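What follows draws every value from the coordinates through simple rules; no lab data is involved. Here the structure is a predicted model, which is why all the values come from computation and not from measurement.
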Amino acid sequence: MIAIAIILTGIGSYAMRAFFIFALARYTFPPVLLRALEYVAPSVMAALVISMMTTPEGELVAGSAECAGLICAALAARYSGNHILALIAGMAVFWGVTWFN
Amino acid sequence: MNTTPTRPALRGCLDALPLFIPALPFAFVFGVVVAEAGIPTWLGWSSSPIIFGGAIQVTLFTLIGEGASVAAAVSAALIVGARHMLYSVTLAPRFQNQPSWFRWVGSYVLIDQVFVLSQIKPVDEPAAFRRYFLAAGFTFWTLWMTCTALGVALGPQIPAHWRLDFAAPVLFVSLMMAASNRPDKLGAAAMAMALTYLLAPLPNRSGMLIAVVITVVIMLLSPRKVNP
């Protein structure tokens with residue numbers, strides 16, 4: 001049963017990734033749609049962050065340490081453009097604030 | 001803005017490496033979930049090549065471990081992964097002037113980090129885009145196969161109180177900032193955050209997807225102030 005669940009999920013997740021790539025392979029995108037697609041990347045990343053900070057029931061689990069870490073990571077990414085630096089800054093601030101609390 | 005790197009395959013590998021760091025603790029979380037669900041390690045690990053999506057795999061085994069039916073666990077896992085359809089739409093124009101084998105293979109490695117790399121490091125020339133995309137995708141693939149194998153073999157070796165799992169939201173904040181290279185895109189990110197929070201009580205994290213769709217529609221309908 002578990003093997004069947006894995007295979008079904010594998011087929012489903014591949015189909016979700018491939019569907020539009022194949023369906024729209026010969027489709028001419030109108031400029032308005034191309035403009036809409038520009039907003040997908042920032043929106044999905046933002047939604048993922050909030051999703052990771054909430055329980056499956058929808059409760060936000062972000063204290064001062066989490067918020068401080070995420071804000072520092074955002075600033076570090078903005079001004080350095082370096083993801084490693086942003087990661088180090090975010091984790092350092094998060095651990096620092098956790099330590100002091 | 002669009003550039004064609006001289007060695008796109010190497011560039012893809014190198015760009016992928018730092019983005020994998022937060023997936024490392026996640027591979028161990030995956031190992032713990034497989035162990036707690038009482039699933040044989042090899043069977044649990046087989047989901048890495050078959051599904052290749054961390055959050056989808058963890059959701060599937062968490063629900064199976066809680067005694068959910070196959071239908072319920074599979075559909076919940078697929079709803080969690082439904083954002084990949086947005087990646088598929090967004091990248092469809094880039095896959096048009098490509099050979100069809102690349103559509104088959106490229107779809108398989110279309111994960112969060114590879115999607116965002118393709119958005120923040122746009123490569124114009126089709127052959128270079130293909131090499132960059134596949135190099136980044138299969139660098140992740142190789143690392144994910146290796147690390148989930150270690151994860152299921154070693155299980156809970158990293159103490160939970162270190163909170164290494166927090167590296168994942170930190171990375172995605174950083175990726176969000178890189179993808180928000182215009183004020184209107186930053187506005188879209190802020191709106192998506194607020195809407196995701198408001199819709200968070202919806203089951204199986206489906207609120208996240210609805211939030212993104214609403215955000216994109218609102219951004220499209222709002223008058224454009226920035227003309228690049």
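Remark on A:THR54: its backbone amide H falls under 5 Å from those of A:VAL61, a criterion applied only to residues 5 or more positions apart or on other chains, H modelled at 1.01 Å from N.
Rounded to the nearest 10 degrees, the angle from helix B:70-80 to the longest Cα principal axis of chain B is 30 degrees. For chain B, the 222 nm mean residue ellipticity estimated from helices alone, with every DSSP H stretch of n ≥ 4 adding -39500 (n - 2.57) and the total spread over all residues, rounds to -23000 deg cm²/dmol. Shape analysis of the protein assembly as shown places it in the rounded category; the axes a ≥ b ≥ c from the Cα gyration tensor give an a/c below 1.5. Projected onto planes of every orientation and averaged, the convex hull of the alpha-carbon atoms in segment A:39-101 covers 4.9 nm². GNM on chain A, alpha-carbon springs under 10 angstrom: the most fluctuating residue among A:VAL61, A:VAL44, A:VAL32 is A:VAL32.
Relative to its Kirkwood radius, the Cα radius of gyration of segment B:1-152 gives an Rg/Rh of 1.01. Under the rule a/c < 1.5 gives rounded, and otherwise a/b versus b/c splits prolate from oblate, where does segment B:94-228 land using the Cα gyration tensor? Oblate, since a/c reaches 1.5 and b/c is not below a/b. Working from Cα positions, state the angle (0 to 90°, nearest 10) between the long axis of helix B:126-154 and the longest principal axis of chain B. Rounded to the nearest ten degrees, it is 20.
What angle, in degrees between 0 and 90 and rounded to the nearest 10, separates the Cα long axis of helix A:64-80 from the longest principal axis of the Cα atoms of chain A? Between the helix axis and the principal axis of chain A, the angle is about 70 degrees.
Apply the a/c threshold of 1.5 to the C-alpha gyration tensor of segment A:1-69 and tell me whether it is rounded, prolate or oblate. Cα axes put segment A:1-69 in the oblate bin. Highest GNM mean-square fluctuation among B:GLY12, B:GLY151, B:GLY106, for chain B modelled with Cα contacts below 10 Å: B:GLY106.
Only helical DSSP H runs with n ≥ 4 go in: add -39500 (n - 2.57) per run for chain A, normalise by residue count and round the 222 nm mean residue ellipticity to 500 deg cm²/dmol. Walk me through the intermediate numbers first.
Working: 5 runs with 77 residues, N = 101.
My calculation for chain A gives -25000 deg cm²/dmol from helical runs alone.
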